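Visitor: Mind having a look at this structure? Questions to follow.
Please treat every number below as a calculation from the coordinates, not as lab data. What you see is a predicted model; the values in this text were computed from it and never measured. Note that each Cβ is placed from the backbone with ideal geometry, even for glycine, and that neighbours are counted across all protein chains shown.
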Ligand code: SAH
Ligand code: SF4
Ligand code: F3S
């Protein structure tokens with residue numbers, strides 16, 4: 001049996017694609033190995049969103065070629081593969097196949113061809129429409145948490161972003177299929193599903209969904225309600241696109257306890273001038289109103305975000321507005337990025353005029369403010385009891401286990417490994433950098 005090692009960079013769409021690749025390979029007689037040096041084939045699922053992410057591919061291929069005793073065949077998957085196509089053969093030595101984001105469904109056939117000695121395989125073709133999770137033993141990143149893609153691609157074309165080019169146009173998957181697979185997952189022991197997509201709330205299926213009323217104004221909130229009705233214990237969803245984020249999504253969360261109290265709503269900037277130049281489609285004011293509505297929910301919804309610093313033309317004044325908006329929103333977590341010009345995007349033609357040291361300074365300032373906010377947000381959990389889905393042994397302490405709350409906080413506590421897969425009550429006693437710590441609460 002040939003062994004395949006699969007390495008994944010990038011967002012949850014890539015994680016989800018890798019799961020499908022692993023499932024398809026396992027079904028077709030390959031063994032997925034966790035030991036990279038034993039592999040006959042190494043597949044690297046790549047990300048192109050920032051230059052650093054793309055650079056990882058180059059570093060990894062170099063390492064595999066130079067330090068592995070057994071020289072595996074190397075396949076490049078994902079966003080870099082889709083964008084670069086066969087030019088990658090010239091850019092990096094030692095690649096045997098290039099498989100774009102649209103071709104992952106054909107992976108085992110491609111690997112067969114590579115193993116038969118065929119050279120220079122490039123497949124960037126059409127993405128197959130069907131998601132087939134009906135196989136008896138799907139390979140997942142967790143036995144209890146499942147990623148369910150509901151919409152693929154992106155039509156938004158934010159001026160800095162490569163994703164619309166690497167993932168193509170938005171395609172929503174049929175609601176009936178989504179519901180069917182979630183019911184199946186629930187039967188097989190999945191406790192938490194994450195509805196995923198670049199912009200889940202732009203969900204708009206074109207074909208008959210099998211459910212009434214899906215052509216209304218905001219099909220996503222209806223999908224949320226339908227998923228809640230499957231009875232799966234927890235439903236999370238990300239990412240939400242601010243322009244398409246309407247109050248009915250919050251209303252659905254308010255009404256269904258299994259819809260988790262967490263919204264990821266990337267703001268990118270707090271300056272209207274920069275937001276316009278980014279073509280985000282929201283203003284500071286419209287975004288604030290959405291934050292206000294979320295904060296007014298009795299569910300105590302946590303809000304996380306993405307922010308870019310140093311976008312072309314960003315002045316100190318623009319950056320100050322970002323700081324102010326971050327403070328106003330009081331994010332539970334913010335992923336901060338320095339602007340990275342991506343060839344082929346509209347912003348690539350704008351002057352990347354914020355000096356690297358200024359980007360670094362703004363990054364640090366925002367990070368400092370955000371850390372303070374985050375601590376404040378975490379502190380309010382002290383003394384509270386949270387429902388924790390226990391997912392794995394804690395990384396640093398063998399007697400501890402780790403999981404997530406519905407509001408998507410990492411929670412660690414002392415407990416036996418037998419608890420993995422259960423939802424238990426944990427009383428929070430401490431905050432630790434990015435996570436919460438507590439003790440099992442047997443009284444609740
Ligand atoms: N679909 C999501 C996020 C996609 S990419 C959304 O619309 O928000 C994840 C994050 O990477 C983005 O939110 C953005 O903050 C960041 N990002 C994307 N392109 C970038 C670039 N060229 N430079 C720096 N950060 C970038
Ligand atoms: Fe990129 Fe914007 Fe699409 Fe998000 S919405 S993936 S940032 S183009
Ligand atoms: Fe990266 Fe592609 Fe996701 S560029 S962020 S892996 S869609």
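Visitor: What is the mean projected area of the alpha carbon convex hull for the stretch 53-121, to one decimal in square nanometres? Each step should come with its number before you reach the end.
Guide: Numbers: hull surface 18.2 nm².
Orientation-averaged projected area of the Cα hull: 4.6 nm².
Visitor: Antiparallel DSSP bridges in the stretch 137-379: what percent, to the nearest 5?
Guide: Among the beta bridges of the stretch 137-379, antiparallel pairing accounts for roughly 10 percent.
Visitor: Given R₀ = 51 Å, what would the calculated FRET efficiency be for residue 118 paired with residue 187, taking r from the Cβ atoms and rounding to 0.05? Mind showing how you got there, number by number?
Guide: Working: r = 40 Å, r/R0 = 0.79.
Working from the Cβ atoms, E equals 0.80.
Visitor: Still on this structure: For the chain, what is the mean residue ellipticity at 222 nm derived from helices alone (per DSSP H run of n ≥ 4: -39500 (n - 2.57); sum divided by total residues; nearest 500 deg cm²/dmol)? Walk me through the numbers before you get to the answer.
Guide: Details: 13 runs with 148 residues, N = 444.
My calculation for the chain gives -10000 deg cm²/dmol from helical runs alone.
Visitor: Fewest Cβ neighbours within 10 Å first, please rank 382, 431 accordingly. Present the calculation step by step, with values, prior to reporting the outcome.
Guide: On the way: 382 14, 431 19.
In increasing order of surrounding Cβ atoms, one gets 382, 431.
Visitor: Above 19 angstrom, tally the Cα pairs of the stretch 3-123 and express them as a % of all pairs, no decimals.
Guide: Summing the P(r) of the stretch 3-123 above 19 Å gives 40 percent of all pairs.
Visitor: Multiply the residue separation of residue 58 and residue 425 by 0.36 nm, subtract the distance between their alpha-carbon atoms, and state the gained length in nm to one decimal. Intermediate values should be presented prior to the final figure.
Guide: Working: separation 367, 0.36 × 367 = 132.12 nm, distance 4.44 nm.
Difference between extended and current length: 127.7 nm.
Visitor: Oh, and also: How large is the convex hull of the C-alpha atoms of the stretch 137-379 per residue, in Å³?
Guide: On the way: hull volume 32.7 nm³, N = 243.
That works out to 134 Å³ per residue.
Visitor: Separate question: According to the Cα gyration tensor, what semi-axes, each the square root of 5 times an eigenvalue, does the equivalent ellipsoid of the stretch 385-440 have, listed from largest to smallest in whole Å?
Guide: On the way: eigenvalues 41, 32, 19 Å².
Computed over the stretch 385-440, the values are 14, 13, 10 Å.
Visitor: Oh, and also: How high is the relative contact order of the chain, in percent, with contacts defined as C-alpha pairs under 8 Å that are six or more residues apart? List each step's numbers first, then the result.
Guide: Details: 870 pairs, mean separation 42.4, N = 444.
Relative contact order here is 10 percent.
Visitor: Restricting to the stretch 385-440, what percent of DSSP beta bridges are antiparallel, rounded to 5? The partial results should precede the final answer.
Guide: Values: 20 of 24 bridges.
Given both bridge residues lie in the stretch 385-440, the antiparallel proportion sits at roughly 85 percent.
Visitor: Here is a further query. When 185, 323 are ordered from fewest to most other Cβ atoms inside 10 Å of their Cβ, what list results? It would help to have the intermediate numbers written out before the result.
Guide: Details: 185 22, 323 18.
Sorted ascending by nearby Cβ count, the order is 323, 185.
Visitor: If R₀ is 35 angstrom, what is the calculated FRET efficiency for the pair residue 141 and residue 414, using the beta carbon separation as r and rounding to 0.05?
Guide: Working: r = 25 Å, r/R0 = 0.71.
Result of the calculation: an efficiency of 0.90.
Visitor: Let me ask something else. I need the calculated FRET efficiency for the pair residue 348 and residue 91, taking r as the beta carbon distance and R₀ as 30 Å, to the nearest 0.05. Don't skip to the answer; put the middle values down first.
Guide: Working: r = 18 Å, r/R0 = 0.61.
So the FRET efficiency works out to roughly 0.95.
Visitor: Now a separate question. Just to be sure I understand: with springs between alpha-carbon atoms less than 10 Å apart, which residue in 19, 184, 192 has the highest mean-square fluctuation in the Gaussian network model of the chain?
Guide: Of the options given, 184 has the highest mean-square fluctuation.
Visitor: With an 8 Å cut-off on Cα pairs and a minimum separation of 6 or more residues, tell me the relative contact order of the stretch 137-379 in percent. Write down the numbers at each step before the final one.
Guide: Details: 417 pairs, mean separation 41.1, N = 243.
That works out to 17 percent.
Visitor: Using alpha carbons only, how many angstrom separate the centre of the stretch 301-348 from the centre of the stretch 352-409?
Guide: After rounding, the separation between the Cα centres reads 17 Å.
Visitor: Just the number, please: percent antiparallel of the DSSP beta bridges in the chain, rounded to the nearest 5.
Guide: Working: 22 of 66 bridges.
Antiparallel bridges: around 35 percent, rounded to the nearest 5.
Visitor: Additional query: For 425, 71, what's the fewest-to-most ordering of other Cβ within 10 Å of each Cβ?
Guide: The fewest-first ordering by Cβ neighbours comes to 71, 425.
Visitor: Further, regarding this structure: Rounded, prolate or oblate: pick one for the chain, where a ≥ b ≥ c are the square roots of the eigenvalues of its C-alpha gyration tensor, a/c under 1.5 means rounded, and failing that, prolate if a/b is larger than b/c, else oblate. Walk me through the numbers before you get to the answer.
Guide: Working: a/c = 1.41, a/b = 1.16, b/c = 1.21.
Verdict is rounded for the chain.
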